[in-house]
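Step one of this worksheet: look at the structure below.
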Amino acid sequence: MSGFDISVILHALPFLAKGLGLSLALTAVAMIGGLALGLVIAVIRLSRFRFPAMLAALYVNGFRAVPLILVIFWFYFLVPLLLGRPVGALYSVLIAFVMFEGAYYSEIIRAGLKSVRPGQWQAAQASGMTYLQTIRLVVLPQALRKMAPLMVTQGVVLFQDTSLVYVVSLHDFMTSASIVANTQNRIVELYVFAAFVYFAICTTGSVLAQRLSSGRRHAY
Amino acid sequence: MIRIEGLSKSYGDLPVLRNCSLEVGRGEVVVICGPSGSGKSTFVKCMNGIEPVQAGRITIDGEVLPSKPAAAARIRSRVGMVFQHFELYPHLTVMENICLAQIHVLKRGRGEAEAKARALLRRVGLADKESAYPTQLSGGQQQRIAIVRALAMDPIAMLFDEPTSALDPEMIGEVLAVMLELAREGMTMIVVTHEMGFAKAAAGRIVFMDHGEIVEVAETQHFFAQPSSERARLFLSRILAH
Ligand SMILES: Nc1ncnc2c1ncn2[C@@H]1O[C@H](COP(=O)(O)OP(=O)(O)OP(=O)(O)O)[C@@H](O)[C@H]1O
Ligand SMILES: [Mg+2]
């Protein structure tokens, strides 16, 4: 192991790209699914319906109490049991991520909805809008601008967390990098490269988050 | 038109309204006044059901307001409401503000809603502001647009909660002028305000509240000449002093 050998990376590039693809795809699905699920949970938690609100709170607190790696394990063993047939590691991981991220996103969305001042809710309700219309037309659009940076930040964390899928033998970017590092015995090259890729992607995310929070059309 | 019978409400252990009853006829203008914290805002919010109540019955145009807030939405859309802090939707333009409930609650077409909005904007002298955002307007302009937004729903009555108390003094007049004109046109109005000039000019009756109770309901002239309760007398002397 002498010198910094870039050719190792170039050689392994297709393999690494495949891992990166999985990480990005997992991030995208978990983000979109998690946002949709999170929105539903947040709306239920803020509603007047006590019992569903309680269940939603239980869901959120439950998922936030356990580490993601445990959730991934659960779903890997649980989902096939529930469905009565194997679904494969990828699908069980996708479901685990969406459910897990949904809990976190629901907290961001709930805080965002609550940050819109009560007078806005009252004005909308006074004009005869229903609860869901009030959220959709008046509260959510205002909350979104406040939430956007936090959502992107959560997405960055999520991207980093995709490395946990190695526990069910999936090859995300990090796992692929360490496989190459170990088989080629080129630890420094691969881990420097991996750090660089993570840094580039996460910085892009952070810049995007900053843009979203400062680049509003009308400050309010 | 609006009948409130035995309304009581508390926040937790704190009673905010105690057994309040009031009847407001068609075309009548009633001013509600009273010290801070006496429950005036809460009272008007209960009138169209955006605040749930513990006891009492509210009848609007012959229909009893359902106790479930969701079921009250349709009736609520027929009563306009204007807030102390305007509460225009900051993410929407003036035009969009005025059309939102027309389109989504009354199911009007966009063309009809916009025509309605333009006619009303012209009446309050803000025809040139339809594509502005609320933050680009002065407080007085925002409040006049909030009134237009409520009027666009063709309400059978209008509720005002201290519509001028968040305004700079030089803007109060322009908002009161719009309200006076409305009163003259025969709109049924319930107005929480400390603008005694407006009360004298527009109100038929004055309601005086204190500690969550309706202490006194009197003809306007009567109220100013000789309030029958000691508390109202005290309140008036303080408010007319400045
Ligand atoms: N959401 C709330 N939760 C708890 N207490 C409240 C709430 N809203 C109002 N109150 C209390 O209810 C009482 C009446 O409040 P309300 O706003 O109706 O008074 P008000 O007469 O409108 O006063 P002001 O002139 O200051 O506007 C006050 O003691 C207030 O602290
Ligand atoms: Mg008040």
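Values in this text are rule-based calculations from the coordinates and carry no lab data. Computed from a prediction, not measured in an experiment: that's the story for all the values here. Neighbour counts run over all protein chains shown; Cβ positions are idealised from the backbone, glycine included.
Simple spin-label estimate for A:Ile32 and B:Glu230 gives 7.2 nm between the two label positions (7 Å along the Cα-to-Cβ direction from each Cα). Listed by Cβ neighbour count within 10 Å, with the fewest neighbours leading, A:Ser23, A:Ser178 appear as A:Ser178, A:Ser23. Length available on full extension from A:Ala89 to A:Val197: 0.36 nm per residue minus the Cα-Cα distance, which gives 36.4 nm. Highest GNM mean-square fluctuation among A:Ala209, A:Ala181, A:Ala65, for chain A modelled with Cα contacts below 10 Å: A:Ala65. Taking every Cα-Cα distance in chain B and sorting them into 10 Å bins from zero, the calculated P(r) comes out as 7, 31, 36, 20, 5, 0 percent. Of the chymotrypsin sites (Phe, Trp or Tyr not before Pro) found in region A:1-73, those that fall in a DSSP loop while having at most 13 other beta-carbon atoms within 10 Å are A:Phe4, A:Phe49. Computed from Cα atoms, the angle from the helix A:140-161 axis to the main principal axis of chain A rounds to 20 degrees.
Between A:Gln154, A:Gln210, A:Gln120, the residue with the greatest mean-square fluctuation in the GNM of chain A (Cα pairs under 10 Å linked by springs) is A:Gln120.
Calculated mean residue ellipticity at 222 nm for chain A: -27000 deg cm²/dmol, from DSSP H runs with n ≥ 4 weighted as -39500 (n - 2.57), summed, divided by the residue count and rounded to 500. So for region A:6-219, what percent of the C-alpha to C-alpha distances run longer than 27 Å? Distances greater than 27 Å cover 43 percent of the Cα pairs. Within chain A, the longest run free of exposed loop sites, counting trypsin sites (Lys or Arg not before Pro) that sit outside DSSP helix and strand states (H, G, I, E, B) and have at most 15 other Cβ atoms within 10 Å, spans A:49-215.
Computed from the C-beta positions of B:Ala55 and B:His222, the FRET efficiency with R₀ = 35 Å rounds to 0.70. Axis of helix B:110-123 versus longest Cα principal axis of chain B: the two differ by about 60°, to the nearest ten degrees. To the nearest 0.05, what FRET efficiency results for A:His11 and A:Ser115 with a Förster distance of 56 Å applied to their C-beta separation? Between A:His11 and A:Ser115 the formula returns 0.65. Considering chain A as a Gaussian network with a 10 Å cut-off on Cα pairs, which listed residue, A:Leu83, A:Leu58, A:Leu164, attains the greatest mean-square fluctuation? The residue that fluctuates most here is A:Leu83. Shown is the FRET efficiency for B:His211 and A:Gln160, computed with R0 = 45 Å from the Cβ-Cβ distance and rounded to the nearest 0.05: 0.20.
Here's the list of lysines a cross-link from B:Lys45 could span, going by alpha-carbon distance under 30 Å and ignoring same-chain residues fewer than 8 apart: A:Lys114, A:Lys146, B:Lys9, B:Lys68, B:Lys107, B:Lys116, B:Lys129, B:Lys200. To test your reading of the geometry: what angle, between 0 and 90 degrees and rounded to tens, separates the Cα axis of helix B:169-184 from the longest principal axis of chain B? Tilt relative to chain B: about 90 degrees. Exposure proxy ranking for A:Tyr76, A:Tyr91, A:Tyr105, A:Tyr131, based on other Cβ atoms within 10 angstrom of each Cβ and starting from the fewest, stands as A:Tyr91, A:Tyr131, A:Tyr76, A:Tyr105. For the pair B:Ala132 and B:Arg238, the difference between a 0.36 nm per residue extended length and the Cα-Cα distance amounts to 34.2 nm. Over chain B, dividing the summed -39,500 (n - 2.57) contributions of all DSSP H runs of at least 4 residues by the number of residues returns a 222 nm mean residue ellipticity of -11000 deg cm²/dmol.
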